[in-house]
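Visitor: The structure follows.
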Amino acid sequence: MTRGSPTSQRAAIDSLIELYASPAATRLYDEYVTELDHALQAAALARADGASDHLVAAALLHDVGHLVGDDNVGLDDELTDDFHHERVGARYLTQSFGPAVTAPVALHVAAKRYLCTVEPAYLAGLSPSSVRSLGLQGGPMSADEVEAFERRPHHEAAVLVRRWDDLAKVAGLAVADFEDYRPLLLGLAAQV
Ligand SMILES: [Fe+2]
Ligand SMILES: [Fe+2]
């Protein structure tokens, strides 16, 4: 699909919204919430913090790679085989969004590894599923990796997304539904 045509952009956003209405989005993200709950809670946290539209979209869509990667991969499978959902997701999103959305998505796993190194308390506060996946994702960053990460454009945005990601795991929390974000997503897609 080519970027830029309003019709193709609307179709791409429709597909995105359908993805979050599909059975894949009802799979458990972790012990407490589904993929859809997790996405909506992350976006709600970003909004509550007064984040830009780009960052709200990045928070909402940061795990889209779980939905487009392999619909048959469940929680246990993912923990034995890291299929780099952050890259799969960022690549998928390039059809609609620029780097202010896609880069934080691509870097949200690296941001976790980064925070584990630069904030000693961060690792201690990770959820059980995040601790289990950390090893597969490369563990805490080395000093060289920290330096390289801090040179990446949008790395600070990725750290913000990561913090909302970590908090977006509350069972039964009532938040805005996915459709509420359609105007925001269409507005961002129109800028690309
Ligand atoms: Fe993720
Ligand atoms: Fe997440």
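Visitor: Among the residues in the stretch 156-173, are any in contact (Cβ under 8 Å) with a residue 40 or more places away in the chain and either among the hydroxyl-bearing types (Ser, Thr, Tyr) or on the phi > 0 side of the Ramachandran plot (or both)?
Guide: Among the residues of the stretch 156-173, not one is in contact (Cβ under 8 Å) with a residue 40 or more places away in the chain and either among the hydroxyl-bearing types (Ser, Thr, Tyr) or on the phi > 0 side of the Ramachandran plot (or both), which makes the answer no.
Visitor: Against the condition of a type in the set (Ser, Thr, Tyr) and at pLDDT 95 or above, how does SER96 come out, does it pass? Steps first, please.
Guide: Working: of a type in the set (Ser, Thr, Tyr): yes; at pLDDT 95 or above: yes.
So SER96 fits the description; yes.
Visitor: Could you check SER96 against (1) more than 14 Å from ligand 2 (Cβ to nearest atom); (2) in a helix (DSSP H, G or I); (3) under 20 Å from LEU67 (Cβ atoms); (4) in contact (Cβ under 8 Å) with a residue 24 or more places away in the chain and say which number it fails?
Guide: (2)
Visitor: Please go through the stretch 1-35 and pick out each residue that is under 19 Å from SER130 (Cβ atoms) and of a type outside the set (Phe, Trp, Tyr).
Guide: ARG27, LEU28, ASP30, GLU31, VAL33, THR34, GLU35
Visitor: Between a first residue in the stretch 111-136 that is on the phi < 0 side of the Ramachandran plot and in contact (Cβ under 8 Å) with a residue 40 or more places away in the chain and a second residue that is surrounded by fewer than 14 Cβ atoms within 10 Å (Cβ to Cβ) and in a helix (DSSP H, G or I), which pairs have beta carbons less than 9 Å apart while being 6 or more apart in sequence or on different chains?
Guide: Listed pairs, sorted by first residue: TYR114/GLU150.
Visitor: Mind checking which residues of the stretch 146-187 are in a loop (DSSP other than H, G, I, E, B) and buried (at least 17 other Cβ atoms within 10 Å of the Cβ)?
Guide: Result: HIS154, ALA168, LYS169, VAL175.
Visitor: Inside the stretch 141-192, can you point out the residues that are at pLDDT below 95 and touching a Lys or Arg at 6+ places or on another chain (Cβ under 7 Å)?
Guide: Once the filter is applied, which keeps residues that are at pLDDT below 95 and touching a Lys or Arg at 6+ places or on another chain (Cβ under 7 Å), the stretch 141-192 yields only VAL192.
Visitor: Filter the stretch 18-35 down to residues that are away from ligand 2 (no atom under 12 Å from the Cβ), surrounded by 14 or more Cβ atoms within 10 Å (Cβ to Cβ) and part of a helix (DSSP H, G or I), then give me how many there are.
Guide: Of the residues in the stretch 18-35, 4 are away from ligand 2 (no atom under 12 Å from the Cβ), surrounded by 14 or more Cβ atoms within 10 Å (Cβ to Cβ) and part of a helix (DSSP H, G or I).
Visitor: At pLDDT below 95, acidic (Asp, Glu) and away from ligand 2 (no atom under 13 Å from the Cβ): does that describe ASP53? Step through it out loud before you land on a result.
Guide: On the way: at pLDDT below 95: no; acidic (Asp, Glu): yes; away from ligand 2 (no atom under 13 Å from the Cβ): yes.
No: the conditions fail for ASP53.
Visitor: Please determine, by comparing only the residues of the stretch 110-134 that are modelled with pLDDT of 95 or more and among the β-branched types (Val, Ile, Thr), which one is surrounded by the fewest Cβ atoms within 10 Å (Cβ to Cβ).
Guide: Ranking the qualifying residues of the stretch 110-134, first place goes to VAL118.
Visitor: Could you identify the single residue in ASP180, ASP165 that is under 15 Å from ARG47 (Cβ atoms) and more than 17 Å from the chain's Cα centre (by Cα)? Break it down into steps so the answer makes sense when it comes.
Guide: Numbers: ASP165 fails: more than 17 Å from the chain's Cα centre (by Cα).
Every option except ASP180 fails the conditions.
The values are calculated or read from the model by the stated rules, or taken from the named source; none is laboratory data. None of the values given here were measured: they were computed from a predicted structure. Note that we place each Cβ from the backbone using ideal geometry, even for glycine, and neighbour counts take in every protein chain shown.
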